[in-house]
1. So the check is Cβ under 6 Å with 6+ separation or different chains; which pairs have a first residue in the stretch 211-234 that's closer than 17 Å to residue 265 by Cα and not assigned by TED's automatic domain parsing to the domain that holds residue 66 and a second one that's within 16 Å of the ligand (Cβ to nearest atom) and open to solvent by 90 Å² or more (accessible area, probe 1.4 Å)?
2. Go through 284, 250 for me and flag whichever is outside any loop (DSSP other than H, G, I, E, B), more than 22 Å from the chain's Cα centre (by Cα) and closer than 27 Å to residue 169 by Cβ.
3. Can you tell me which residue within the stretch 178-235, out of those that are aromatic (Phe, Trp, Tyr), modelled with pLDDT of 95 or more and in a helix (DSSP H, G or I), is farthest from residue 124 (Cα to Cα)?
4. Residues in the stretch 72-88: is at least one within 13 Å of the ligand (Cβ to nearest atom), open to solvent by 10 Å² or more (accessible area, probe 1.4 Å), in contact with a Ser or Thr (Cβ under 7 Å, 6 or more places away or on another chain) and under 28 Å from residue 241 (Cβ atoms)?
5. In the stretch 201-224, which residues are under 16 Å from residue 187 (Cβ atoms) and either touching a Pro at 6+ places or on another chain (Cβ under 9 Å) or within 16 Å of the ligand (Cβ to nearest atom) (or both)?
6. Sort through 152, 142 and tell me the only one that's under 20 Å from residue 7 (Cα atoms), more than 16 Å from the ligand (Cβ to nearest atom) and acidic (Asp, Glu).
Amino acid sequence: MKIAFIGLGVMGYPMAGHLSTSGHEVCVYNRTNAKAERWLQTHKGTSKATPAAAALDADIVFTCVGNDSDLNQVTLGPDGVIKTMKEGAILVDHTTASADIERALSSTLALSGIGFIDAPVSGGQLGAEKGQLTIMCGGNEDHFEVAKPVMDCYGKQVTLMGECGAGQLTKMVNQICIAGLIQSLAEGVQFATKAGLNVEQVFDVIGKGAAQSWQMDNRHKTMIEDRFDHGFAVDWMRKDLAICLEEARRNESSLPVAALVDQFYSEVQRMGGGRWDTSSLLKRLLLR
Ligand code: NAP
C-alpha cells in the first residue's frame, strides 16, 4: 500500500520503520526534518516537507504526534493532510488524544469521503521497536478491516473496540489502571528499603505471585537503581490523566486515585522530572 506516516517521534520512528520493512511504499513527514533524514538513511522510503505533501495519493495516512493541538495542526492546519488526502483513503491516528477531537476529526474527514480510525497504542518505546504494540481502535468495521493488516506490522494485538472514540476511551482505562499501580509499586519499593530488606530479592519473589504486573516486571530494577531517564515521560502521563479526568467529569465516573496521582506527578514535574519515566513517583517518596 501507499502509506504516509506523520510524526517520527519515539513511537512513530520505529512504527514507520516496520511498515517500510514489510514492503509498503512509505512517505514520511517530521516537523524537525533532521529526524526524517535520519530515518531515510536506514529505511526504504521518501520524505516530504509538509503533512499535506506526504499524504498526497496515500491509501492510508498514519499520524503519531503529541496531543490534541498537534493533531489538529497536522490534519486540519494550513499544511494538514486533509488538503490532499484522496476520497476512499483512511486516516489512522496513533496519538493519545481526547475522544472528542477524534470524533470531530472523523466527521470532518467523512465530508470528503475519507475514513478514520482512532488507534492509540500501549507498549512503550520497546513495544514499538519490537513491533509488539497493543492497539485499541475506534471506528467503522470496513475501515478497520483495511487498516488492521497494515497495523499488524507493529501490533501484537489490534482490536476494534467500538465506534470512533472507543479506542481513546479504552486507552484512558489503561492509563487509569496504570496510575494507581505505579504509585503502589513506588510505595512497595520505599517500604522494602526502609524495612531493611534485600529489595531486589523481594521483587524477584513477589513478582512470581499475585502482585505481579508489567510495571513490576519491567520497572522494579530501574527504580531500585534510581534510573528514570527512559520509558514513558511524566509530561505525557499528565497529558493523558488530564484527558481521563475531563472525560470522567462528563461520564460521571469517580477517579480519586487517578486525580491524586496526577497531583503527585505535578510534584515530580516541579522536581525537574517532566521527561523522567512514570516510575519516578518513587523520587518524591524517598525524599520524605
Ligand atoms: P515524541 O517522541 O515527543 O514525538 C512527538 C512527535 O510529534 C514528533 O515527531 C514531533 O515532531 C511531532 N509533533 C509534535 N507536535 C507537532 C506539531 N505541532 N506539528 C507537527 N509535528 C508535531 O512522542 P512519542 O513518545 O512518540 O509519543 C507520541 C504519542 O504516542 C503521544 O500522544 C504519546 O502520549 C503516545 N504514547 C507514547 C508512548 C511512549 O512510551 N513514548 C507510549 C504510548 C503512547 P518533532 O520531532 O519536530 O518534535
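1. 233/275
2. 250
3. Residue satisfying both the conditions and the ranking: 191.
4. yes
5. Within the stretch 201-224, 215, 219 qualify.
6. 152
Quick grid of which residues meet (1) out of contact with any Ser or Thr (no Cβ under 9 Å at 6 or more places or on another chain); (2) in contact (Cβ under 8 Å) with a residue 12 or more places away in the chain; (3) more than 10 Å from the ligand (Cβ to nearest atom):
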position: 1; (1), (2), (3): yes, yes, yes
position: 14; (1), (2), (3): yes, yes, no
position: 21; (1), (2), (3): yes, yes, yes
position: 25; (1), (2), (3): no, yes, yes
position: 43; (1), (2), (3): no, yes, yes
position: 94; (1), (2), (3): no, yes, no
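For every residue, the table says whether it meets (1) more than 16 Å from the ligand (Cβ to nearest atom); (2) within 17 Å of residue 282 (Cβ to Cβ); (3) hydroxyl-bearing (Ser, Thr, Tyr).
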residue	(1), (2), (3)
226	yes, yes, no
232	no, yes, no
237	no, yes, no
242	no, no, no
246	no, no, no
256	yes, no, no
260	yes, yes, no
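The values are calculated or read from the model by the stated rules, or taken from the named source; none is laboratory data. Just so it is clear, the structure is predicted and the values come from calculations on it, not from any experiment. Quick reminder, even Gly has a Cβ in these numbers, built from the backbone with ideal geometry, and neighbours come from all protein chains shown. Surface accessibility is based on the protein's heavy atoms, side chains included, excluding ligands, DNA and RNA. Shrake-Rupley method; radii C 1.70, N 1.55, O 1.52, S 1.80 Å.
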